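Notes to accompany the following structure.
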Amino acid sequence: MNFDLILRGGTVVTPTFAGPLDVGVQGEQIAAVAAPGTLPADGATLLDTSGKIVLPGGIEPHAHIATRVNVEWAGAPNVYTQSPEAASRAALFGGVTTIVDFAPPGRPSAAGLRPSIVDDVAVRRAVFDGHSYADYTFHYILAGDVPQETIDGIQAAVDSGIASFKVFTTFGRTRVPYGRLADVCAVVAEQGGILAVHAEEDEIVERTRTRLIAEGNDAGYNLPLVHSNLSEDVAFRAVIRIARYHGAGVYFVHTTASEGVDAIAEARADGLPVYGEALHHYLHFTGDDYRKPEGTAIHTYPALKSAADRDALIAGLMDGRLSTTATDEYTTSKAVKLSGQTLETVCGGHNGIETRVPVAFTKLVQERGMTLNRFADVVASNAARILGMYPRKGAIQPGSDADFTVLDPNLQRTITLDDLHADSDYSIWEGFECRGYPVTTVLRGKIVVDDGKLLGDAGDGRWLERRIDPAILAGPAL
Ligand SMILES: [Zn+2]
């Protein structure tokens, strides 16, 4: 057997083991995982990974790239988050080879004809095709009082490889009311998709915000009072109840509070297919940081909470109650990010896609002793499983795509904006000391980042069709 590329000498993290192994790649796929020094090297490119950890390529399950920023957040019309070229370039440098972004519903035509989900995804794909350094796919956004023809199109969407459907239970006209959510749950469950839910209790959020504004307390640092623990508690439980009634699987994006972690844990203990995501900055910052100078730069909806909530998220990732890390990537300039300073205008999201893997490695492996297998799960494998890309993505085993993040656990690096590759002029991680950092990234057999140099091409990234393993939807499979 001849190989095109051999990763030699590293600690390799497979689905069942982490230890000294070599990995042989043929073309775009992994062809062999073998004892050190046993793969024939003739003609192969050798990548020396000694002293390093070889992980499956990182998967970012929650990104908003080339998306129009709300006028109220940006303070101006027609402002967009960074391009796919910039975001995917930053992703590769941060050890991320697959990005899950979003496809929104398109506008009806002049004749009132509504594009199908498959049409909307095609429109969104055109933004990324030929413009992404990393592979990509999209959650489809079901918004408002979801039109019946859209619900009727879920089957065709799942058949075409769109496996996940995003729903918001708050955010004005985007909010899907619970009655309609029930209709959506029934069809998504029947078709083998999963719901990705931004769950906040709209009535609690709106009423609290209105009261604080009336009292003259509309400063952005009060966001945790609006997007509160109570809201998360009630909304997570309502969504779980509705999904349970119809047998739907739920992936809670950005869990923010101990109440959310508890709700997920109880659902899982009841045998329900419920999974939770935590954003990497929620593992470090707290609601107190909003009060620092430029402190609202850390804000991502719902809102950062207390130190106890932060610790609950970390504990949930450590013990399996939570399944994934993500960023809610939403990169703008600093001026846009900080333009709104009130409860109604603080911009969500942040410049984050590049920093998740090293920050999570520092917070979870170095500080808390997470195993390397569990770390691979929370930065790659679990997202691949829950969202229907496994084992093509998220696994180092024969037959999987040859996507790797080679991380040097001994490389200490203090994050500075100059070292990052996003199209932005700020980072909330400025000064954060990483204990371990990605040094080489491989996408489908091609070395795309090595030793600080970009070797990939903006045409390298490919669209991914997804199908969810029925075991993921039958119960808490991971
Ligand atoms: Zn988001």
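Computed from the coordinates by the stated procedures, all read-outs in this text should not be read as laboratory data. These numbers come from a predicted model, not from an experiment. Using ideal geometry, Cβ is built from the backbone for each residue, glycine included, and neighbour counts are taken over all protein chains shown.
Cβ under 14 Å from Pro20's Cβ, Pro20 left aside: what net charge do those residues give with Lys, Arg +1 and Asp, Glu -1?
0
Hey, any idea what the orientation-averaged projected area of the convex hull of the range 58-392's Cα atoms comes to, in nm²?
Approximately 16.3 nm², given one-decimal rounding.
Mind checking the dipole of the range 58-392: about its Cα centre, +1 per Lys or Arg Cβ, -1 per Asp or Glu Cβ, Debye to the nearest 20?
Result for the range 58-392 is approximately 360 debye, rounded to the nearest 20.
How high is the relative contact order of the chain, given as a whole-number percent (alpha carbon pairs under 8 Å, six or more residues apart)?
22 percent
Taking the simple approach of a point 7 Å from Cα along Cα-to-Cβ for both Ala474 and Asn410, what is their distance in nm?
About 4.6 nm separates the two model spin labels.
As a check on your grasp of the helix formula, calculate [θ] at 222 nm for the chain: sum -39500 (n - 2.57) over DSSP H runs of n ≥ 4, divide by the residue count, round to the nearest 500.
Taking each H run of at least 4 residues, the total per residue is -8000 deg cm²/dmol.
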